[in-house]
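Asker: Quick one: the structure is below, and I'll ask about it shortly.
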Amino acid sequence: MSETTSSQTSQRKRFPYKIQIEPRLKEAPKWYPFALSLGAILLSLLIVAGVISLVGGNPWKTYQHIAKASFGSLGVFSDTMVKAIPLMLIGLACSLAFRMRLWNIGAEGQFYLGAFGASAVVLTPLLPETAPKWVYILYMAIAGMALGAIWGFIPGFLKAKFNVNEIISTLMMNYIAVAWNNYFIYAIWTEGGFQMSKMFPKVAWLPRLTDFASKFKPLAGLTTHLGLVFAVLAAVVIWLILYRSRWGYEIRLIGDNPRAAEYAGISIKRNVVWVMMLSGALAGLAGMSEITGVVHRLQGAISPGYGFTGIIVAWLAKLNPFAVILVAILFGALILAGREIQPSGIPKMVQGIILVSLIASDFFMRYKISIVRRAEEE
Amino acid sequence: MDLLIVLQAGVASGTVLLFATIGEIFSERSGVLNLGVEGMMLIGAMAAFSTALKTGNPWLGVLVAMLAGGLVSQIHAFISITLQADQVVSGLSVSFLGTGLSLVLGEGLSKAGTVSLLPNFSIPLLSQIPLIGKIFFTNQSIMVYIGYLFFPLCWYFITRTRPGMHLRAVGEFPSAADALGINVYRTRYGYVFVGGMLAGLAGATISLAISPGWFSELTTAGQGWIAVGLVIFAQWDPLRAATGSYIFGALRRLVLDIQGPTMLLGARNPFYYNPYYGFFLQMIPYAFTIIVLILGSREAMRKRIGAPAALGLPYIRGQRGL
């Protein structure tokens, strides 16, 4: 009886292939995540092209423009690096926190506070103008990192002590940080009623490549600054912490399995506070390097959303500190070129679409999708 | 500064939060944390405003806004329910996407001129009640009145009806719900859609009623995130959500209006004489959100109530666990 029904169904004309989805049992090959990320980016570029042509633009020209305006010459590549430096530091800040599954969405606010801390050293002023440059840089870096760390400490402490959701609290701290800076820009450090502080003295500027043009001609006009060294050093330090230290082991264990970590006697609460502080300090350093390396004064709108782009950078880099450096350059290019693209929301939309397809692509890490012949399974 | 006017305007501004918060409650009750509220609200505000501009019909704008919010929410639903990705990151990405998309599609809308807005009116009889009538029932937008009817209905739906019980079962114990014959996936998709529609409605309420116009990201100014925070404070209960939303709305108004008068509580008003203190006032709603979260989680710890048990966890049929 049952045989006849099965033979009847197989006689019916059906498409001979079907898609089969099954959980991946073995670990995917090493190149696989990279291929997936690349695929996700290509897919997003296609989607964005669709949207651009939908609103009446020419996607090919837009992409050409982005490539030319960010990698076209040494000069613009240097500008790309300038945009990438804060993204590198914030991407590292996010990678560290996300590795523990601690959602620090407040890098934007920590960036603003870092900028504020560095400015306070110059504008209060905490140092005489005759102090040597390296003392200035050291003080400003410490102040920026300390303020960023404080801004990270608050949500970290609230999370550890009262179990306050860190996503919401870090986000709220962003808005508070912007208002805090605005108060000082408008009321305390305003220069002649303008909404900006006075220009920092040269001694408080991070050295740029162009400063060495007198010794080596081709460097003239290149604006890449010392912040790049900070970022690369930070990547090494974060990598060492995460993968070569006991603390990093604790962080990774909490991220993978908090219950196991608890049973192993690891204090999750203490780690939440410390990781938030280090994460905040890195974002604060980003703010410090931006204000002393690029803007040279405290003003509003110092960030085109670095804090949020940094989240995407961290995710695209799969939380790998060295990959963060490379991915940040790509997004630096997007931000640099994005300034001139109309409509002005496109870079933000591109970032959103990239993140969406990136997360969707994670599915293929966990599942194997194959097309099989129907006959094979019978 | 007239306290009555502050409260009256506060109720109106709280209505926006009310819709967004209750939408998120529906989504989270089904077990899906959707952090995309801010993005969906922006999409809704943009869609409502541009539709009203094109067609001259604000109601069509509201409809389109709800559909648009619902559609965007389905991206999150697909990624987090079907593809079982991390809901936090997925929600964040939807928020970024919604923000970016609304900026691109809303390009130029801020200079587009005025549109016909949703009507304002007073309720006869009810507006005669001293104090309460003036605050709640005089010259309010129709969306505010819809809000009054809406939150008790939602509370009744979630706590007292059969589909509401199914909703809670799916969020608390999906495998048991599945065994009872409730389609977990369909339920979750459905309520994420409802959440998206309500976020879209909240956006439309801003751009067509409460503070009309399109001001790109400043249209919502973080209210979507405040709504996500309010859900925790509300302990996933629409009645508490309403209380929280209206208090927040009043606070937002108070912060704006407190700079007006020269005297405050019989003393010189520092916010009038030094307008720069306004920046500290701007911080208050955000700081207050954090305080509310502290209070909410302390109370939750004391009463041992918490989020829906399956919140944030993808349901995989046949797998052990929830």
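Quick note: the coordinates plus some simple rules give every number you see, no bench work behind them. These numbers were taken from a predicted model, which means no experiment stands behind them. Neighbour counts are summed over all protein chains in view; Cβ atoms, including those assigned to glycine, are modelled from backbone coordinates with ideal geometry.
Asker: Tally the residues that are surrounded by 12 or more Cβ atoms within 10 Å (Cβ to Cβ) and assigned to a helix (DSSP H, G or I), restricting the search to the stretch A:51-63.
Answerer: 6
Asker: Among the residues of the stretch B:289-308, write down those that are surrounded by 16 or more Cβ atoms within 10 Å (Cβ to Cβ) and either closer than 28 Å to residue B:177 by Cα or at the interface with another protein chain (Cβ under 9 Å from one of its Cβ atoms) (or both).
Answerer: Of everything in the stretch B:289-308, those that are surrounded by 16 or more Cβ atoms within 10 Å (Cβ to Cβ) and either closer than 28 Å to residue B:177 by Cα or at the interface with another protein chain (Cβ under 9 Å from one of its Cβ atoms) (or both) turn out to be B:289, B:290, B:293, B:294, B:296, B:297, B:300, B:307, B:308.
Asker: Quick one: residue B:311 ticks every box in (1) within 14 Å of chain A (Cβ to nearest Cβ); (2) of a type in the set (A, V, I, L, M); (3) surrounded by fewer than 23 Cβ atoms within 10 Å (Cβ to Cβ); (4) in a helix (DSSP H, G or I) except a single one, so which number is it?
Answerer: (4)
Asker: Scan the stretch A:53-65 and give yes if some residue there is closer than 26 Å to residue A:286 by Cα, in contact (Cβ under 8 Å) with a residue 40 or more places away in the chain and either more than 14 Å from chain B (Cβ to nearest Cβ) or in contact with a strand residue (DSSP E or B) (Cβ under 7 Å, 6 or more places away or on another chain) (or both), otherwise no.
Answerer: Checked against the condition, which is being closer than 26 Å to residue A:286 by Cα, in contact (Cβ under 8 Å) with a residue 40 or more places away in the chain and either more than 14 Å from chain B (Cβ to nearest Cβ) or in contact with a strand residue (DSSP E or B) (Cβ under 7 Å, 6 or more places away or on another chain) (or both), the stretch A:53-65 yields no hits at all.
Asker: Which of the following residues is within 12 Å of chain B (Cβ to nearest Cβ), surrounded by fewer than 21 Cβ atoms within 10 Å (Cβ to Cβ) and more than 28 Å from residue A:25 (Cα to Cα): A:352, A:305, A:338, A:265?
Answerer: A:305
Asker: Confirm whether residue A:310 is touching an Asp or Glu at 6+ places or on another chain (Cβ under 9 Å), surrounded by fewer than 24 Cβ atoms within 10 Å (Cβ to Cβ) and within 14 Å of chain B (Cβ to nearest Cβ). It would help to see each step written out before you state the result.
Answerer: Working: touching an Asp or Glu at 6+ places or on another chain (Cβ under 9 Å): yes; surrounded by fewer than 24 Cβ atoms within 10 Å (Cβ to Cβ): no; within 14 Å of chain B (Cβ to nearest Cβ): yes.
No; evaluated as a whole, the condition is false for this residue.
Asker: Give the number of residues within the stretch A:269-327 that are of a type in the set (Val, Ile, Thr) and within 26 Å of residue A:222 (Cβ to Cβ).
Answerer: Of the residues in the stretch A:269-327, 10 are of a type in the set (Val, Ile, Thr) and within 26 Å of residue A:222 (Cβ to Cβ).
Asker: Looking only at the stretch B:1-26, which residues are charged (D, E, K, R) and touching an Asp or Glu at 6+ places or on another chain (Cβ under 9 Å)?
Answerer: Correct list: B:2 only.
Asker: Of all residues in the stretch B:138-162, count the ones that are more than 21 Å from residue B:240 (Cα to Cα) and either without any contact (Cβ under 8 Å) to a residue 12 or more places away in the chain or in contact with a Ser or Thr (Cβ under 8 Å, 6 or more places away or on another chain) (or both).
Answerer: Qualifying residue count for the region: 5.
Asker: Only one of A:331, A:363 is out of contact with any helix residue (DSSP H, G or I) (no Cβ under 7 Å at 6 or more places or on another chain) and within 14 Å of another protein chain (Cβ to nearest Cβ); which?
Answerer: Exactly one of A:331, A:363 is out of contact with any helix residue (DSSP H, G or I) (no Cβ under 7 Å at 6 or more places or on another chain) and within 14 Å of another protein chain (Cβ to nearest Cβ), namely A:363.
Asker: OK, next. If you go through the stretch B:64-78 one residue at a time, do you hit one that is within 14 Å of another protein chain (Cβ to nearest Cβ), in a helix (DSSP H, G or I), in contact (Cβ under 8 Å) with a residue 40 or more places away in the chain and touching a Lys or Arg at 6+ places or on another chain (Cβ under 9 Å)?
Answerer: Within the stretch B:64-78 (the criterion being within 14 Å of another protein chain (Cβ to nearest Cβ), in a helix (DSSP H, G or I), in contact (Cβ under 8 Å) with a residue 40 or more places away in the chain and touching a Lys or Arg at 6+ places or on another chain (Cβ under 9 Å)), the answer is yes, since at least one residue qualifies.
Asker: For the stretch B:232-261, which residues satisfy the criterion of being of a type in the set (Gly, Ala, Ser) and assigned to a helix (DSSP H, G or I)?
Answerer: B:241, B:242, B:244, B:245, B:249, B:250
Asker: Can you spot a residue in the stretch B:235-249 that is of a type in the set (Lys, Arg), more than 9 Å from chain A (Cβ to nearest Cβ) and buried (at least 16 other Cβ atoms within 10 Å of the Cβ)?
Answerer: Yes, because at least one residue in the stretch B:235-249 is of a type in the set (Lys, Arg), more than 9 Å from chain A (Cβ to nearest Cβ) and buried (at least 16 other Cβ atoms within 10 Å of the Cβ).
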